[in-house]
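This report concerns only the one structure given below.
The values are calculated or read from the model by the stated rules, or taken from the named source; none is laboratory data. What you see is a predicted model, and the numbers here were worked out from it, not measured in a lab. Cβ atoms come from the backbone with ideal geometry, glycine included; neighbour counts cover every protein chain shown. Surface areas here come from the heavy atoms of the whole protein model, side chains and all, with no ligands, DNA or RNA. Shrake-Rupley method; radii C 1.70, N 1.55, O 1.52, S 1.80 Å.
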Amino acid sequence: MLSADESVAISFNGEIYNFKELRGELEAAGYEFKTGTDTEVLLRLYERDGTAMVQRLRGMFAFAIWDEVRGTCLLARDPLGIKPLYYTLKDGGLAFASELRALRSAGLVSHELDEGALVKYFKKGSVSEPLTLLRDARCLEAGHTLEWSVDGRVEMRRYWNIEFPQGNDCSASEAAATVREALLDSVRAHFVSDVPVGVFLSGGIDSTLLVALAREIGQKDLATFSIGVDDQSLDESSVAARTARHFDTDHHEMLLTGERAQQQFGSFLECMDQPSIDGLNTFVVSSFAREQGMKVVLSGLGGDEMFAGYASFDQVPRMARGGKLLGLAPELARWLGRIMEARCSSSKLRRLGSFFQQDPTVVNAYKAFRGIFSDAEAVALAASYAQDHSPGAMSAMLSNADGLAATEQMDVRDAVSACELSLYMRNQLLKDSDVMSMAHGLELRVPFVDRVLFEKVAQIPAALRLRQGKRMLLDAVPEVPEWVANQVKRGFVFPFENWLEANWGKSLRDVDARLPSKRLTWYQRWSIFMLDQWLSKG
């Protein structure tokens, strides 16, 4: 879209949930509008506030604004990283896109792989921003702007960061009231739409909570969608169906077998932007919802990261404490770590060996807990893929703390939450969700991943907010039925291990032949396979 005098142009992906309030403010200041879009509000806001505009926005966004008068291009990405934004600075120019493959297929970046990104991929199963697997391309970090000038100047600014204020105090009832108010506010904002908004209902607490609050704010004719799988230990479809009946939703359910997943697998690979060990679940449920005519859906993504829904909230602090005790004898710790990483048959123990050789920080403990390969394995694998490589340079990438050094001053469980939000949710879940939902023309909204919500609930002490079993959420939204609240957590995952052996075993023969080892787990084999598939597409 162009401004009235055509001196400013914007390319925008996302949704600004407070655009009507911003428009009213701008109109009161004398600005005129020709459309009813949030895109035009962004243009007018830039004309008034310049780069400071990003502080006023509530929503998910990636945009570029060209200013003809100033000779600048402003790139901006939302605070928590819902919408991706890739760019390259080459030969004094700037190119940008919502997907890395756009830059790649347009010939704007070379196909040379980034060795450091490969190391991080093998360590975690996804690529950590600002890196991409391509050496010439970068991902603008969440909560950042980049301003490029025609004279070649580039200025990067962080305008928002994950912070948990310390020293606040409140009662359990006050905390529950704060969380409920913040959730209701976010759900209201995310239901603002010109078309019906549905909900992905997995059967867990987070998605059930969204349905309960949707009813609370008066949403009628609510459509819900769930996927069942042919593995009783992982299938939550019966719980979702019972919940849908309880809240009287228009419920849609499909059963995904290994054979059916295999039929969709080729299309899934075609949509893959960067490899990761996740994404198929979002691809399948997005396809299903779009087939039912939906254009906008809500997901409960983010609830686990903000309200202690993972085992990491208990295990990572224990690992960090153990590492610090062992660190009293640093030479012994490093010796033991090297032995464990080289000789243990368990992948978890090999990653623990990597951790014992590092500073015993929460971030390092978290990376070992969430990891795929140990540090030494990741470096060796990356070296086997890189066109030209320096093992020393790649090893140096392992010490990069991903901008999370400040976590050591946080409450230890707040620090785990920051890791989950920054390293796992942002780099894997959000990226996969955006690519795989947009592949079907489906807009996926995530009410838990909201700056306003976060800033309200982050004030609550970790001892209250991060209680086991997401007790904080259940206290805030008692409408969640007991059959959801009291069930064992399973998560929205597919039985990949069973499917690999029964349906896709042939697809992994090349991996096994190239890397003969009885020590590879199914998810390690899967991560290598997904990278190979991505590379094969040139």
* Would you check if residue 385 is on the phi < 0 side of the Ramachandran plot and at pLDDT below 95? => yes
* **Hits in the range 1-58 - residues which are closer than 15 Å to residue 70 by Cβ and without any contact (Cβ under 8 Å) to a residue 40 or more places away in the chain** => 5, 46, 48, 49, 50, 52, 53
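Being among the aliphatic types (A, V, I, L, M), more than 12 Å from the chain's Cα centre (by Cα) and under 30 Å from residue 102 (Cβ atoms) is the filter here, so list the residues in the range 415-471 that pass it.
Matches in the range 415-471: 436, 438, 439, 442, 444.
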* Asked: Which ones in the range 181-203 are assigned to a strand (DSSP E or B) and open to solvent by less than 10 Å² (accessible area, probe 1.4 Å)?
  -> 198, 199
* Structure fact -> When (1) buried (at least 20 other Cβ atoms within 10 Å of the Cβ); (2) of a type in the set (A, V, I, L, M, F, W, C); (3) part of a helix (DSSP H, G or I); (4) modelled with pLDDT under 95 are applied to residue 492, the one that fails is (3)
* Asked: Being surrounded by fewer than 20 Cβ atoms within 10 Å (Cβ to Cβ), at positive phi and not aromatic (Phe, Trp, Tyr), is that true of even one residue in the range 154-164?
  -> no
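Which residue out of 32, 47, 15, 68 is on the phi < 0 side of the Ramachandran plot and in contact with a His (Cβ under 9 Å, 6 or more places away or on another chain)? Even if it seems obvious, please write down each step before you answer.
Working: 32 fails: in contact with a His (Cβ under 9 Å, 6 or more places away or on another chain); 47 fails: in contact with a His (Cβ under 9 Å, 6 or more places away or on another chain); 68 fails: in contact with a His (Cβ under 9 Å, 6 or more places away or on another chain).
From the options 32, 47, 15, 68, the qualifying one is 15.
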* To do: Filter the range 337-347 down to residues that are without any contact (Cβ under 8 Å) to a residue 60 or more places away in the chain and part of a helix (DSSP H, G or I) and give me whichever is least open to solvent (accessible area, probe 1.4 Å).
  => 337
* Asked: Taking strands (runs of 3 or more DSSP E) that fall entirely within the range 1-90, which contain at least 1 residues that are more than 20 Å from residue 158 (Cβ to Cβ) and open to solvent by 20 Å² or more (accessible area, probe 1.4 Å)?
  -> 8-16, 59-67, 86-90
* Out of the residues in the range 356-383 that are more than 19 Å from residue 121 (Cβ to Cβ) and within 24 Å of the chain's Cα centre (by Cα), which is surrounded by the fewest Cβ atoms within 10 Å (Cβ to Cβ)? -> 361
* **Candidates 334, 350 - the one that is surrounded by 21 or more Cβ atoms within 10 Å (Cβ to Cβ) and of a type in the set (Lys, Arg)** => 350
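Counting only residues that are open to solvent by 30 Å² or more (accessible area, probe 1.4 Å), give me the strands (runs of 3 or more DSSP E) lying completely in the range 204-322 with at least 3 of them.
On the way: elements: 223-229, 250-256, 296-298.
The strands (runs of 3 or more DSSP E) meeting that bar are 250-256.
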* To do: Find the residue count for the range 450-477, including only residues that are surrounded by 20 or more Cβ atoms within 10 Å (Cβ to Cβ), within 21 Å of residue 211 (Cβ to Cβ) and not β-branched (Val, Ile, Thr).
  => 7
* To do: Give the residues of the range 71-109 that are within 17 Å of the chain's Cα centre (by Cα) and among the aromatic types (Phe, Trp, Tyr), sorted by residue number.
  => 86
* Asked: Only one of 435, 449 is modelled with pLDDT of 95 or more, in a loop (DSSP other than H, G, I, E, B) and aliphatic (A, V, I, L, M); which?
  -> 449
